[in-house]
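Remarks on the structure that follows.
The values are calculated or read from the model by the stated rules, or taken from the named source; none is laboratory data. Here the structure is a predicted model, which means the values were calculated and not measured. Cβ placement follows ideal geometry from the backbone for every residue including glycine, while neighbour counts extend to all protein chains displayed.
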Amino acid sequence: MGEVRTEHVRTALAIAETASFRAAALRLGISQSTVSAHIDSLETELGVTLFERSRSGARLSAAGRLVHSALLGLRDAEDVLRDAARGAITDTSEVIRVAAVNAAVTTVLPESLHALVDDPAVEVRVSIRGSRDVIDRIRSQRADLGVIAYEVGREPDSVGIRIDPLLTGSVGVLTPPGHPIARARRVTTADLRGQRLVAFHPGYLMHAVAERLLADADVRVVSHVDSTPDAIRQVAAGVGICLVPDFSVVAGDADEWRALEGAADRIGLALIRREDAVPSSRLRRLEQEIHRHAADYRRRHGTPTGSTTVRVTV
């Protein structure tokens, strides 16, 4: 076996997360042919086929699933090495590692980062991941601060972790403009029977929520996404409908969101870090900014109770 290059590993992980060579190319800012070349090289070095390609996208093969965790480990090891190198440049420099779900990017995180952008001695590195991965990174000290989504009443295991709620919202249905569901006076799970569904990938919170709420609705999953902006785009294109919490969307000019009546599920967004961590002054400042902007977001947007239009916010 020859040398495994980290950029090839990152390409493979991007495909695994997006289920698409094209989407991975867009995420990484490289051409699709370069993505294919990376995977061809990596598969040659490892001696296995990592992905099953089809017209609908790309999925991890049996061998790919077996080596997936090792690929994650290689990427994370490189991240740790780079962080250590940056921290060694000067005694006063600091790298703050933030792991967050996509909902944080569309709500509290962007404006909060402004508090540190003028500090030349700090770098904030944001990694977008699922809630479970965010929690794992906080526990293993691979992230200093995390933002997770969770089901209210089914909070994650908090042993060793401080959890500070930021936002809570209702589960609703995202539809294209003019869709029959958007025109209905009330929407229940029964109204979703037979609909095409844009679903989040397994491992994401809304995947589990949708599976539970729509167990008897006989919906047909036609696409998988790993972010709310991706879901909004696909819904706007008429691919299908999608279940998302209200705080994931804001007033705008594309798609429509309707509260799902009879669904007691509430989704929360929370800030987390290790209880035994001693935060630096910069990290404490970032925490304070996130809480402040969460309060601002609640005041500006409130909680939709019926319907609204939404737009992509990133």
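Quick notes
- Answer residue from the stretch 274-290, given it is loosely packed, with under 15 Cβ neighbours inside 10 Å and not in a loop (DSSP other than H, G, I, E, B) and is farthest from the chain's Cα centre (by Cα) among those: Ser281
- At least 2 residues being in contact with a Gly (Cβ under 7 Å, 6 or more places away or on another chain) is the threshold, and among the helices (runs of 4 or more DSSP H) wholly inside the stretch 104-184 those reaching it are 131-139.
- Taken over the stretch 191-218, the criterion of being assigned to a helix (DSSP H, G or I) and among the acidic types (Asp, Glu) is satisfied by Asp191, Glu211.
Listed here are the residues, each with its yes/no results for (1) assigned to a loop (DSSP other than H, G, I, E, B); (2) within 22 Å of Asp133 (Cα to Cα).
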residue	(1), (2)
Thr11	no, yes
Ala24	no, yes
Arg27	no, yes
Ile30	yes, no
Val35	no, no
His38	no, no
Leu42	no, no
Val48	yes, no
Arg53	no, no
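- Number of positions in the stretch 13-22 that are assigned to a loop (DSSP other than H, G, I, E, B) and touching a residue at least 60 places away in the same chain (Cβ under 8 Å): 1
- Long-range neighbours under 6 Å by Cβ, at least six apart or interchain, first residue more than 10 Å from Ala236 (Cα to Cα) and small (Gly, Ala, Ser) within the stretch 173-185, second part of a strand (DSSP E or B) and at pLDDT 90 or above: Ala182/Thr175
- Selection within the stretch 220-232: residues that are farther than 18 Å from Thr107 by Cβ and surrounded by fewer than 22 Cβ atoms within 10 Å (Cβ to Cβ). The member of this set that is nearest to the chain's Cα centre (by Cα) is Ser223.
Yes or no, residue by residue, for (1) at pLDDT below 85; (2) touching a strand residue (DSSP E or B) at 6+ places or on another chain (Cβ under 6 Å):
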{"site": "Ala237", "(1), (2)": "no, no"}
{"site": "Ile241", "(1), (2)": "no, yes"}
{"site": "Ala254", "(1), (2)": "yes, yes"}
{"site": "Trp257", "(1), (2)": "no, yes"}
{"site": "Leu260", "(1), (2)": "no, yes"}
{"site": "Leu271", "(1), (2)": "no, yes"}
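- Flag if Gly178 is surrounded by 17 or more Cβ atoms within 10 Å (Cβ to Cβ) and either outside the structural domain of Arg273 (by TED's automatic domain parsing) or within 29 Å of Ala14 (Cα to Cα) (or both): no
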